[in-house]
Structure formats: C-alpha cells, structure tokens
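Working notes for the structure below.
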Amino acid sequence: MKPAPVLQSFLAVALSLGLGLLIVLPTGENPFLAYRLWFAAGFGCAGSGGFCAIWTALQYATPMILSGLSAMVAFRSGLISIGQFGQMVCGAGMTTFLVVTLPGAPWLRISVGLLGGIVAGGIWSAIPGALRAYLNINEVITTLIFNALALAATGRVSFWRIPTEVRLLPLIPTTKLTVAFFIALGTAVFIYLYLWRRGAGLEIRMAGQAGLFAKFSGLNARRAVVRGMFISGGLAGLAGGLEVLAVHYRFVSSFSTIDQFDGIIVSLLGQLHPLGILFSAFLLGGLRLGSLNGLQLQTAVPRQLSNIIISFMMILMVMPAIARWLAANLSKKDA
C-alpha cells in the first residue's frame, strides 16, 4: 500500500474519533473517560482470569474481513455492490441446509457446507453482475433488491439449528474465536495473490479500472466483470457460512456483529487492498465490541456512538472522490 492512501485512512479515523468526542459532551460524561472505557472494552486485557477483549474483537472482525474483501473485489471489477448482506444470508442458508441434511463425516459436511455457501453467495452476486455487464442495469439497485430477496429464498431453513458435531468450537475458552478467523486470513492472502499475481485477477482489475484499454486489448470485459462479482459474492457467502457454524450455531438472517454496509466501509477504509482490510476490520470489530461492553454498560453514552463514528469514517473516505468529481464537472462547465 502507498503512503498517501494509508495517511488518508489514518486521518479519517483520527478526525472521526475527534468528532465523536463532541458527541459525548451532551451526555454529561467525561469524553476522555468514556473513550478509555470504550477502547479498554474493545481492545484491552483485564481480570485475574486473563480475559482479553482482543480475542472477541478478532471474532467480530472475521465476517468484516470477508465482507470487506467481497466489497473490494466488486469495486476492483468496476461495480458498486451493496449486496454483501444478502449474499451472506444465502451463504448461511445453503451452509445450514447442507450440514444438516447431508450424511458423512463432520469434516466432509463442514467442507461441503462452506463450499455450498460460497457458490450460493457467488451466484446471488453474479446475477446482478451479469445484468450490469450485458443489460447495463444499475448494480446498486439490483444488489439492494437481492438483499430482500435473499430473506425469502432462505425461508425454508429459518429455524434450523447446526448439529453439535459440525460446529466450529472456540479455540480459547469464554470466547467464540474459532478457526474461522484463520480461514478469513488465508482467504485474504488468496485474494491478494489472485488479483495481483494471476492473469485472471489482472483481467478483473483491468475490466474495472481500464475498461477502454481492456476492450481494445481483446479482453472479454463483460465476462471478467461477472467472474469478479461471483468471487465477490462467494466471499460474502463464506462469511455467512462461517457465522452459522462458528458463532450462532443456527441459521440467522441478521448478523449481530456486522451491519449491512460494514463491508463497504471496511473496504474503503482499507483502501481496496487486502492488507488494509485486515487492519480496518480489526479496528471496526474492536469499536463495535467496545461500544457494547464499554459505552453501553459502563457509561451513559449510547452504543450507537460507534455507528456514528464509523459513518463519519465512510464520509471522510469518499470526500476526496466527491471533490475530484465536482472539480472535473465544474471544469467542463467552465470550458
């Protein structure tokens, strides 16, 4: 990652946290004390038992890593996908269905279940990708609609629970940090190698960032875009599958540790790069955890403060792009 983008993300985080101090003041709480409790609850270690909030922050970060990678691949394909939530629901539904109904050894059912979740999420994302590539239908609208349709498509498994033998058990007692975190880390490495070290990944980035060049170079840009959207949805589907196997132990249509648009925020804050996404997911995971255990339980500051600050981060991250767009359009009018 280049220094300038990293500095932009750092400034966005710093300014957002600074604005958050002003929001705490009307509550009557000491802003600096509230922040200390917030960060201790999200990132610290305390107690004679050696409990560390960091382990739970990593658990919170796991779906954010995968949904952030999902949004990143869509961005790199030249599309803006806001369908990570629906793709996670599809992945969770398919994984639940397969691990409950299939016979065989637990490891086989887990593997097939997660693979099914990847395929389900990928197909759910590839359809809007194809509609954009071949019919020029706006992907923002279609992915948003598909979020709602995903809930209807998974209605059959809404009350199913994950059998004990196929659950991913915690690595550390009193936490729900499982091998799912390491799967997310490995996936980030794989996506980096695929997009930046493989020809197929270069095609996806070229189709998204240099469409005209791709067209005249003989690249099938439409097919590359659909493939990129399939991979994007597959990553979100994997996140949904891991959530039901490692955290909730049942099918869920709402993921308590992640909001619908966290994937986009993590992706932008991470500068559309897997390494940056790892750091931004951990930051947001800790902030969300701290807002529950620190702000809400120990102060009069509402836990929604973390959502407000994360929203500030997103606004600050897109402001340079908005400024460039305004400058370009104003210069055209002047000409």
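The values are calculated or read from the model by the stated rules, or taken from the named source; none is laboratory data. Please read all numbers here as calculations on a predicted model, not as lab measurements. Please note: Cβ atoms are built from the backbone with ideal geometry, for glycine as well, and neighbour counts cover all protein chains shown.
Could you check the range 99-113 and list, in sequence order, the residues that are of a type in the set (A, V, I, L, M) and either farther than 15 Å from residue 249 by Cβ or not in a helix (DSSP H, G or I) (or both)? Correct list: 102, 105, 108, 112.
Listed conditions (1) crowded, with 24+ Cβ neighbours inside 10 Å; (2) assigned to a loop (DSSP other than H, G, I, E, B); (3) not charged (D, E, K, R) are all met by residue 266, apart from (2). For beta carbons closer than 9 Å, sequence separation of 6+ or different chains, a first residue in the range 309-323 that is within 23 Å of residue 288 (Cβ to Cβ) and a second that is among the charged types (D, E, K, R) and modelled with pLDDT under 85, the qualifying pairs are 310/259.
Being of a type in the set (Gly, Ala, Ser), closer than 17 Å to residue 239 by Cα and surrounded by 13 or more Cβ atoms within 10 Å (Cβ to Cβ) holds for only one residue in 130, 153, 184, and it is 184. If you go through the range 160-185 and keep only what is within 20 Å of residue 85 (Cβ to Cβ) and of a type outside the set (A, V, I, L, M), you end up with just 160.
Look at (1) aliphatic (A, V, I, L, M); (2) touching a strand residue (DSSP E or B) at 6+ places or on another chain (Cβ under 9 Å); (3) crowded, with 24+ Cβ neighbours inside 10 Å and you find that residue 100 fails only one, number (3).
Taking the conditions exactly as written (closer than 22 Å to residue 56 by Cβ, surrounded by fewer than 24 Cβ atoms within 10 Å (Cβ to Cβ), modelled with pLDDT under 85 and more than 13 Å from the chain's Cα centre (by Cα)), does residue 254 satisfy them or not? Against the criterion (closer than 22 Å to residue 56 by Cβ, surrounded by fewer than 24 Cβ atoms within 10 Å (Cβ to Cβ), modelled with pLDDT under 85 and more than 13 Å from the chain's Cα centre (by Cα)), residue 254 qualifies. Within the range 58-70, residues that are surrounded by 24 or more Cβ atoms within 10 Å (Cβ to Cβ) and among the aromatic types (Phe, Trp, Tyr) reach partners that are at pLDDT below 95 and part of a helix (DSSP H, G or I) with beta carbons closer than 7 Å, at six or more positions or on different chains, in the pairs 60/285; 60/288; 60/289.
Can you tell me which residue is modelled with the highest pLDDT among those in the range 195-213 that are surrounded by 16 or more Cβ atoms within 10 Å (Cβ to Cβ) and within 21 Å of the chain's Cα centre (by Cα)? Ranking the qualifying residues of the range 195-213, first place goes to 195. In the range 147-182, how many are of a type in the set (D, E, K, R) and within 29 Å of residue 286 (Cβ to Cβ)? Looking only at that region, the number is 2.
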